[in-house]
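Written below as structure tokens is the structure these notes are about.
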Amino acid sequence: MQHPDFELYDNVGRTSEQIAAAHFGIATRDDLLRWARRDAEGFLAEHPLPAEPLPVPDAAPYLAALAAAETPAEVSAVTQHLLDAAQPALSAVSDLLVAIARWGDRHRFAEQGASPKLLLEAASRSLSVLALIDEADLAVLRAEYDPAPTRNHPASGLPRASSCLPPASGTEPKRRTR
């Protein structure tokens, strides 16, 4: 008979994921990735992939320009240059995620929450980051150059706007001076 304080499975040095996996009799994330690496060794020998991570852009010029920026227009210039620089890389990642999701036509009849659907959602979200950044930048510029109109009170003496349309193209908004 075993001692009641003795555990067959020693949890010392184990992660909570390993303990839970042992309790439920399932593989951990590390187990799954290790098995997949083992089974893909021959494939990767025939189709070598880069071992290094994708190149990271140099953030120094953007940070230096941002530190020197004094107006929303200057911050927007930094933001728009960053968007232009990041767009090709994010588009390439998105395209690769779509290709992975579509591999073997698994995406066609996949249910919501299945791997192909999650990959397609990730591809979409990777590009939506660019749209969110652009939206935030435009909101700052709108607040600077085209603030929301205020209601005119008869006592204010200010003329009412004659149109709800934006100014004609080619007209420049007034620049603020310090």
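The values are calculated or read from the model by the stated rules, or taken from the named source; none is laboratory data. Not measured: the values here are computed from a predicted model. Note: ideal-geometry Cβ built from the backbone for every residue, glycine included; neighbour counts use all protein chains shown. Please note that ligands, DNA and RNA were not included when accessible areas were found on the heavy atoms of the full protein model with its side chains. Shrake-Rupley method; radii C 1.70, N 1.55, O 1.52, S 1.80 Å.
Tell me, which residue of segment 69-89 that is of a type in the set (A, V, I, L, M, F, W, C), assigned to a helix (DSSP H, G or I) and open to solvent by less than 50 Å² (accessible area, probe 1.4 Å) is farthest from residue 122 (Cα to Cα)? The extreme case among them is 73.
Of all the listed residues (66, 54, 96), the sole one being loosely packed, with under 12 Cβ neighbours inside 10 Å and either more than 30 Å from residue 142 (Cβ to Cβ) or at pLDDT 85 or above (or both) is 54.
Count, please, the residues in segment 99-110 that happen to be over 23 Å from residue 55 (Cβ atoms), in contact with a helix residue (DSSP H, G or I) (Cβ under 7 Å, 6 or more places away or on another chain) and open to solvent by 50 Å² or more (accessible area, probe 1.4 Å). First the steps, then the outcome.
Going residue by residue through segment 99-110, those that are over 23 Å from residue 55 (Cβ atoms) are 101-110.
Those left that are additionally in contact with a helix residue (DSSP H, G or I) (Cβ under 7 Å, 6 or more places away or on another chain): 101, 106-107, 110.
Next, from what is left, pick out any that are open to solvent by 50 Å² or more (accessible area, probe 1.4 Å): 106.
Number satisfying all stated conditions: 1.
For segment 72-98, residues that are over 26 Å from residue 53 (Cβ atoms) and either in contact with a Phe, Trp or Tyr (Cβ under 7 Å, 6 or more places away or on another chain) or among the hydrophobic types (A, V, I, L, M, F, W, C) (or both) total 3.
Residues being without any contact (Cβ under 8 Å) to a residue 24 or more places away in the chain and hydrophobic (A, V, I, L, M, F, W, C): count how many of those fall in segment 86-95. Steps first, please.
So in segment 86-95, the residues without any contact (Cβ under 8 Å) to a residue 24 or more places away in the chain come out as 88, 92.
Narrowing further to those that are hydrophobic (A, V, I, L, M, F, W, C): 92.
Qualifying residue count, segment 86-95: 1.
The criterion of being modelled with pLDDT under 85, farther than 30 Å from residue 144 by Cα, open to solvent by 100 Å² or more (accessible area, probe 1.4 Å) and not in a loop (DSSP other than H, G, I, E, B) does not hold for residue 3. Screening 108, 176, 151 for residues that are closer than 25 Å to residue 64 by Cβ and modelled with pLDDT under 75 leaves exactly one candidate, 176.
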